[in-house]
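A short write-up of the structure that comes next.
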Amino acid sequence: MSRWIEEALHGDFCSRYLAEKVLYDNESEHQHLVLFENPTFGRMLALDNVIQTAEGDEFIYHEMLAHLPILGHGAVRRVLIVGGGDGGMLEEVLKHSSVEQVTMVEIDAAVTEFAKEHLRGICGDAFEDPRLNLVIADGVDFVAGTKERFDLIIIDSTDPIGPGEVLFTQGFYASCKGCLAQGGVLVTQNGVPFLQSDELSNSLRFMRRLFADVTCYLATVPSYVGGPMAFGWASDDPELRRPPMETLSDRFAASGIKTRYYTPEVHLAAFALPVYIAEMIAEDTET
Ligand code: SAM
């Protein structure tokens, strides 16, 4: 029997999805997992009543958080993914043959086990790739304690509620900076600015205290309702996010990767910010 599933992320606004089939509805040690099938979005995963990923549009989110920094940097060999339990980010990152090792630190083993069983349309066979080092731990503890160094850190987190809250703090970003290799890049999922402005402005304010070049870039992901979503970008070299078009095109062609959203043109355009978002992240409006 079908039912409606309501997302509980914003206090005065919500969206609801027709679940033609609920495939899973249970508590893990850390959160409440629901997997259902919607006619438009395909399989959708909700954690603590917040949509995490949908088969229909996951390519937009995952391509923009994986290919954009890898191709912008140009020499990424070691990647750290914090969160990302559904495996979609892992799958995109591993498409780059230049990537030698991916450490993925996910707090909830149930999400990764669940993805392997029910979300192969999103993670493919990424969890079986020998380049993966899967660590089940809190991302905060991992970055504070590791001696490893990464060329790219991707924060593929839940929103700043529940276990994901710690992944939006100054201390966490400082530890991330500490385990970035020279010339490394940090990218973050930073919500939908129109509805979550504090999340974005706070994260970028914290990062600015640590990195020389901090901004955000945008992509519209239909199941993250409310306008374009923002991805935080932090590095010490502004040229990494805006290589010449020719360089970017050469790198993209050499990667041999087929995309459905990312192109070098989209890459450069994604950093163009509408006034309301530029003002939201401007330094002089920060407290
Ligand atoms: N694409 C998604 C979005 O924008 O909402 C995020 C997807 S992914 C499923 C988020 C993952 O972050 C979840 O599997 C969750 O268990 C994990 N997570 C939350 N807090 C964490 C923490 N402190 N350390 C590591 N992983 C965490």
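The values are calculated or read from the model by the stated rules, or taken from the named source; none is laboratory data. The model shown is predicted, which means the values in this text are computed figures rather than measured ones. Reconstructed Cβ throughout: ideal geometry from the backbone, glycine too, with neighbour counts over all protein chains shown. The accessibility values were calculated without ligands, DNA or RNA, using every heavy atom of the protein model including side chains. Shrake-Rupley method; radii C 1.70, N 1.55, O 1.52, S 1.80 Å.
Tally time: how many residues in the stretch 153-173 are more than 9 Å from the ligand (Cβ to nearest atom) and small (Gly, Ala, Ser)?
Within the stretch 153-173, residues that are more than 9 Å from the ligand (Cβ to nearest atom) and small (Gly, Ala, Ser) number 1.
When you scan the stretch 234-256, do you find a residue that is within 15 Å of the chain's Cα centre (by Cα), under 17 Å from Leu186 (Cβ atoms) and not aliphatic (A, V, I, L, M), even just one?
The answer is no, given that none of the residues of the stretch 234-256 is within 15 Å of the chain's Cα centre (by Cα), under 17 Å from Leu186 (Cβ atoms) and not aliphatic (A, V, I, L, M).
Picking from Gly83, Gly87, which residue would you name as being near the ligand (Cβ under 10 Å from one of its atoms), out of contact with any helix residue (DSSP H, G or I) (no Cβ under 6 Å at 6 or more places or on another chain) and on the phi > 0 side of the Ramachandran plot?
After ruling out the rest, the residue left standing is Gly83.
Which residues, taken from the stretch 32-53, are part of a strand (DSSP E or B) and within 17 Å of Gly83 (Cβ to Cβ)?
Once the filter is applied, which keeps residues that are part of a strand (DSSP E or B) and within 17 Å of Gly83 (Cβ to Cβ), the stretch 32-53 yields His32, Leu33, Leu45, Ala46, Leu47, Val50, Ile51, Gln52, Thr53.
Is it the case, given these coordinates, that Glu29 is acidic (Asp, Glu), outside any strand (DSSP E or B) and in the same structural domain as Val99 (by TED's automatic domain parsing)?
no
Test Val76 against the criterion of being within 14 Å of the ligand (Cβ to nearest atom) and not in a helix (DSSP H, G or I), and give yes or no.
No; evaluated as a whole, the condition is false for this residue.
Would you be able to tell me the number of residues in the stretch 253-270 that are part of a loop (DSSP other than H, G, I, E, B) and either open to solvent by less than 30 Å² (accessible area, probe 1.4 Å) or in contact with a Pro (Cβ under 7 Å, 6 or more places away or on another chain) (or both)?
Result for the stretch 253-270: 3.
If we scan the stretch 107-127, do we find a residue that is touching a Pro at 6+ places or on another chain (Cβ under 8 Å) and buried (at least 24 other Cβ atoms within 10 Å of the Cβ)?
yes
When you go through Val143, Val192 one by one, which is the residue that is near the ligand (Cβ under 10 Å from one of its atoms), in contact with a helix residue (DSSP H, G or I) (Cβ under 6 Å, 6 or more places away or on another chain) and assigned by TED's automatic domain parsing to the domain that holds Leu94?
The unique qualifying residue is Val143.
In the stretch 34-50, what residues are touching a residue at least 60 places away in the same chain (Cβ under 8 Å), over 18 Å from Ala137 (Cα atoms) and near the ligand (Cβ under 10 Å from one of its atoms)?
Leu45, Asp48, Val50
Each row is one residue, and each column tells you yes or no for (1) within 18 Å of Val93 (Cβ to Cβ); (2) crowded, with 21+ Cβ neighbours inside 10 Å.
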{"site": "Gly191", "(1), (2)": "no, yes"}
{"site": "Arg208", "(1), (2)": "no, no"}
{"site": "Ser223", "(1), (2)": "no, yes"}
{"site": "Gly227", "(1), (2)": "no, no"}
{"site": "Gly232", "(1), (2)": "yes, yes"}
{"site": "Asp237", "(1), (2)": "no, no"}
{"site": "Ala272", "(1), (2)": "no, no"}
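Among (1) under 16 Å from the mean Cα position of the chain (by Cα); (2) closer than 30 Å to Gly11 by Cβ, which single condition is Val79 missing?
(2)
Any idea how many residues of the stretch 120-160 are among the small types (Gly, Ala, Ser), within 15 Å of Ala174 (Cβ to Cβ) and out of contact with any Phe, Trp or Tyr (no Cβ under 9 Å at 6 or more places or on another chain)?
Matching residues across the stretch 120-160 total 1.
Do we have His30 as farther than 26 Å from Ile161 by Cα and either open to solvent by less than 10 Å² (accessible area, probe 1.4 Å) or within 11 Å of the ligand (Cβ to nearest atom) (or both) here?
No: the conditions fail for His30.
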